[in-house]
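Below is one structure, written out as structure tokens; comments come after it.
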Amino acid sequence: MSSSNLISHSTTTDNKLVYMANQIGTFFKSQDMDTASARIAEHIVKFWDPRMRRAIVAYLDAGGAGLDPAARQAVESLRPRL
Amino acid sequence: MSFVHEIDYGTPKSKSEKTVTLTVDGKQVTAPEGTSIMRAAMEAGIEIPKLCATDMLEAFGSCRLCLVEIEGRNGTPASCTTPVAPGIVVHTKTERIELIRKGVMELYASDYSLASLDRSTKESKYAALLDIAEAVGLKEVRYGFDGARHPNAGIDASNPYFVYDPAKCIVCSRCVRACEEVQGTFALTISGRGFDSIVSAGMNEPFLESECVSCGACVQACPTGSLIEKSVLAAQTTEKPADRSLVTTCAYCGVGCSFKAEMRGDEVVRMVPYKDGKANRGHSCVKGRFAWGYANHKERILKPMVRETISEPWREVSWEEAITRVASEFKRIQKTYGRESIGGITSSRCTDEETFLVQKLVRAGFGVNNVDTCARVCHSPTGYGLANTFGTSAGTQDFDSVEHADVVILIGANPTDAHPVFASRLKRRLRQGAKLIVIDPRAIDLVRTPHVEAAYHLPLLPGTNVAMLTALAHVIVTEGLVNEQFVRERCEWDAFKHWAEFAADRKNSPEAVAKITGVPAEHIRQAARLYATGGNGAIYYGLGVTEHSQGSTAVIAIANLAMATGNIGRPGVGVNPLRGQNNVQGSCDMGSFPHELSGYRHISTDSVRHMFEIDWGVELDKEPGLRIPNMLDAAVDGTFKGIYIQGEDILQSDPDTKHVAAGLAAMECVVVQDLFLNETANYAHVFLPGSTFLEKNGTFINAERRIQLVRKVMEPKNGYEDWQITCMISNAMGYPMHYSHPSEIMDEIARLTPTFAGVSFKLLEEVGSVQWPCNERAPLGTPVMHIGQFVRGKGRFLITEYVATDERTGPRFPLLLTTGRILSQYNVGAQTRRTQNTIWHEEDRLEIHPHDAEERGVRDGDWVKLASRSGETTLRARITERVAPGVVYTTFHHPNTQANVVTTDFSDWATNCPEYKVTAVQVSPSNGPSQWQEEYESLTRRSRRIVPAGAAE
């Protein structure tokens, strides 16, 4: 079984990831609104393991409820970097 | 067998750079101005007899044994209190002097509890006073040994580790002065006058009941054996109580004290703080000095054990069987669930070399980057915050720096309990006149303690650090207190301007922030002015800063303050994280975080990764791995199935215990390597017995970035040093590791890590210790960082917008719980609970303000239920005004308290460091343990059953 088939994140984990992405967003939005989504994405690529990144992108694909606009844009930009 | 000999120069070293030349016993001697004649003589190899003098203490001049004659001067001055002077001619051994010394010594001996000067009797064999009597040539005591003696209330053996025998006391005051000058507790005094004078602890109390903190400084200072370790008395059965000594590094907190381990065979007789230890300068606390007995505790596990499921009893097996099991299980799991389904946790209690090997095993042997360490739950925000502002993930100073500080901000740290030896050094500086600002929800000891009083205590509400720090910045910016020259030269100017504009916003003013923090605006203003204008300003902080949703932001706010006031890049200033574990700095430096290799270099950086790939002969994954909380989430989700945990007890130390338990329970192979069956081992399938710091060679790195040797003083009782066990696992997994000594691992670290390029065991043997960076540019290390320029080039200011944590109080949970430590216990207590330190702290208590207690009908000592959204536990209450109304506090040293059942899964936005320091709770009277506590206790009992090897099933 390849590891990419292992996405079976629970709602709890999804909620946590959304919460974390928004939290990261809050910091970078306070630095500079214009660069926020790029820096959120950079932070996620730097610190989240691939399964967490895949899970948040999958979550966005399923609607992405609760993701703050800057965080949503950041997650969107992760797609080519999965 | 050899001993490490330390010379006692009699008085402290003079700091003067001007030298003076004099003649002592016909020898030309040169010494710094202000040096005592006693010290100058000793430095030239001429020993003057002494009783009341020792170089750890200021000269006192009371024993009259060290008298000398100086040509052209009258009388016989004491050499300890008489400074050197140019051209003076000193005689230390004239007939007149020797006669006086003998006479003085004769009086001391007549008052000492002896029947004769004969050294052959049992009682006199170890009488330290007689060593000095011999040295001054005393042959008889004309007054006899039956005369009146000073009062003797009998031996005080109340302290678990040492005794005080008044019969052997000569009232030289060394113990009293050590308690004052070195420890700064002022627990001892001389009571009575003249012949009635006697050492007294507290108000004539037994030592245990006095304010004594059992640091051992008095015992170390005592020249006569009146104060002496019980372990030494027990060993005084043979010719020599100890047969050798070695210098090693304490394995408790991040101060990193050096000790001489005095050994007899494979037994420690005592640990004596080592004067040349640059972190502790000859001082110690109750843990390092005395609490090493856990190494021989009956509960220590010495044989490997396995079990199929966590409901079965443990089965003792051979090392071979245990290691084979680990390797075959990890391989099976990877085959079934994918490469990324396993990982490891390195230990901040183990050596650098051991930590480096565990992360190497995970990255190179397992082929994943799922490796993390306990710094995740303590100082990971320090790493993020300081790396993004200054460019490196560590404190900026050495501990000596505090001697040059004029204003100290202490925020979210309680050094007298958690970093006691640093606290003593800080208190000494405060007694010399430095000012202290304490920012802490709780009135820690340093707010007011003998001869120390904080200029300001800002008792903010838990969770409001960022608001407070930004308000301090507001005052500095708007009142024109910025060190503009420093900022222009050393920092990114545009980023500064952006930040200054933000800081100056009215919403960050002390007046606005007072409503958030609960601290009056005027106090915030005055504290900010003091820090900005009071001379060298140094900030020391602890987990009260990092363990929050905004932990990283608070660290950035601290860095901003230091940059704005120019308090960086020289002695006496800086940003100083007080790190928790003995080697948490080292474990971070060694590449224990999932996203970075040793020396804080990101795993995705091709050039760095390729260097490791060539050295290790294997391809590495370039993606970051899982952090501890992410591992547990992934375990619950079914994508993470196996873990190798070296020396960490995540079940007790990590937040939201139920989630940790669920994560561990969901794994198919949990391997715990530790000294004891810790709480995490309740969920383990393989237990590998670990070794103590006394049983291994290696290095630890303390909070000052100081790399110090740990020396093996005895063979590992479990058979192997921890690094050897990791090698065995790696070899069984098919990734060969062959090292014959940890020094070879350090050579590999140095080869692969630019900041460690100059480090080797040979260098450490030669110079004692070095602070990284240690390389071609700094061959002997770097005591103070960011001199001239920041590691990242220009310092960078970042915006620190305060965001309230989502953990809020409300009608159901109206109080805020914060957590901390106590002096006598260490962290989860795995070691200290297995020593006599339990005499000081048998259980964790809940501190609650009288007002909150009364409202709930809680009396002091009552059992109370402590409940949060996560869970509930019970413990006993202590009613105190140390905590403000609305705030409660507890420690987490005992597993049955289960404080982390209550803490939540909120964490720092940047690093996932848990928010231990803020939990909304309710407190109510209770009759006994919670259901979770009862169930957990039953699980613990079941999971500690062991079937010895060879026993019938």
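With the solvent-accessible surface defined on protein heavy atoms using a 1.4 Å probe, which residues belonging to the range B:781-809 display a reduction of at least 10 Å² in accessible area in the multichain context relative to the isolated chain? Listed in order, they are B:Arg796, B:Leu798, B:Ile799, B:Glu801, B:Val803, B:Asp806.
Per residue, the solvent-accessible area of the range A:20-81 (1.4 Å probe, heavy atoms of protein chains only, all protein chains present) comes to 39 Å². Among the residues of the range B:601-633, those with an accessible-area drop of 10 Å² or more from chain alone to full protein complex, heavy atoms and 1.4 Å probe, are B:His602, B:Glu623, B:Pro624, B:Gly625, B:Leu626, B:Arg627, B:Asn630, B:Asp633.
Which order do B:Lys122, B:Lys50, B:Lys622 take by accessible area at a 1.4 Å probe, largest first? Write out the running numbers ahead of the final one.
Working: B:Lys122 170, B:Lys50 30, B:Lys622 105 Å².
Largest accessible area first, the residues go B:Lys122, B:Lys622, B:Lys50.
Per DSSP helix of 4 or more residues, -39500 (n - 2.57); summed, then divided by the residues of chain B. What does that give at 222 nm, rounded to the nearest 500? It would help to have the intermediate numbers written out before the result.
Details: 31 runs with 275 residues, N = 953.
For chain B, the value works out to -8000 deg cm²/dmol.
Rolling a 1.4 Å probe over the protein heavy atoms leaves B:Tyr274 with an accessible area of roughly 40 Å².
Using only the Cα atoms, work out Rg/Rh for the range B:894-946, with Rh taken as the Kirkwood radius, to two decimals. Walk me through the numbers on the way to the answer.
On the way: Rg = 14.6 Å, Rh = 13.5 Å.
Value, to two decimals: 1.09.
Binning the alpha carbon pair distances of the range B:1-82 at 10 angstrom intervals from zero yields the distribution 19, 50, 26, 4, 1, expressed in whole percent.
Short to long, the 5 Å bins of the Cα pair-distance histogram for the range A:20-81 hold 4, 21, 35, 25, 12, 3 percent of all pairs.
Out of the total accessible area of chain A (probe 1.4 Å, heavy atoms of protein only), what percent is carbon and sulfur? Spell out each step's value before the answer.
On the way: 1980 of 3630 Å².
Carbon with sulfur: 55 percent of the solvent-accessible area.
Here is the size of chain B from its Cα atoms: Rg then Dmax, 28.9, 92 Å. In the range B:643-775 the Cα-Cα distances spread across 5 Å bins starting at 0 as 2, 10, 15, 17, 16, 16, 13, 8, 3, 0 percent of all pairs. Take the Cα of B:Glu613, step 7 Å toward its Cβ, do the same at A:Tyr19, and the gap between the two points is 3.8 nm. Counting only protein chain heavy atoms and rolling a 1.4 Å probe, the accessible areas of B:Arg142, B:Arg711, B:Arg431 rank, largest first, as B:Arg142, B:Arg431, B:Arg711.
Taking Cα pairs under 8 Å and at least six residues apart, what relative contact order does chain B come out at, in percent?
On the way: 2208 pairs, mean separation 124.0, N = 953.
Here the relative contact order equals 13 percent.
Accessible surface of B:Ile643, taken over heavy atoms with a 1.4 Å probe and every protein chain present, rounds to 0 Å².
For the range B:604-711, what number results from the quotient of the Cα radius of gyration and 2.2 N^0.38 Å? Intermediate results must be reported in sequence, preceding the final value.
Values: Rg = 17.0 Å, N = 108, 2.2 N^0.38 = 13.0 Å.
The reported ratio for this selection is 1.30.
Relative to the dominant Cα principal axis of chain B, helix B:95-111 is inclined by about 60°. Among the protein heavy atoms of the range B:19-135, carbon and sulfur supply 51% of the accessible surface, probe 1.4 Å, non-protein parts ignored.
Where does the protein assembly as shown land on Rg(C-alpha)/(2.2 N^0.38 Å)? So the Cα radius of gyration is 0.97 times the expected 2.2 N^0.38 Å.
Total buried accessible area between A and B, probe 1.4 Å, nearest 100: 2900 Å². Sorted largest first, the principal axis extents computed over the alpha-carbon atoms of the range B:460-558 equal 36, 26, 26 Å.
For the range B:815-942, go through all pairs of different Cα atoms, get the mean of 1/r, take its inverse, and jot down that Kirkwood value in Å. Working shown, then result.
Values: mean 1/r = 0.0662 Å⁻¹.
It works out to 15.1 Å.
Distance from the alpha carbon centroid of the range B:45-97 to that of the range B:1-19 works out to 16 angstrom. Checking the Cα-Cα distances for B:Lys125/B:Lys230; B:Lys260/B:Lys712; B:Lys260/B:Lys303; B:Lys122/B:Lys240 against a 19 Å cut-off, the pairs over it are B:Lys260/B:Lys303. Residues in chain B average 35 Å² of solvent-accessible surface per residue, probe 1.4 Å, ligands and nucleic acids excluded.
The values are calculated or read from the model by the stated rules, or taken from the named source; none is laboratory data. Keep in mind that what you see is a predicted model, and the values were worked out from it rather than measured. Every residue, glycine as well, gets a Cβ built from its backbone with ideal geometry; the counts of neighbours run over all protein chains shown. Keep in mind that these areas ignore ligands, DNA and RNA; they rest on the heavy atoms of the full protein, side chains included. Shrake-Rupley method; radii C 1.70, N 1.55, O 1.52, S 1.80 Å.
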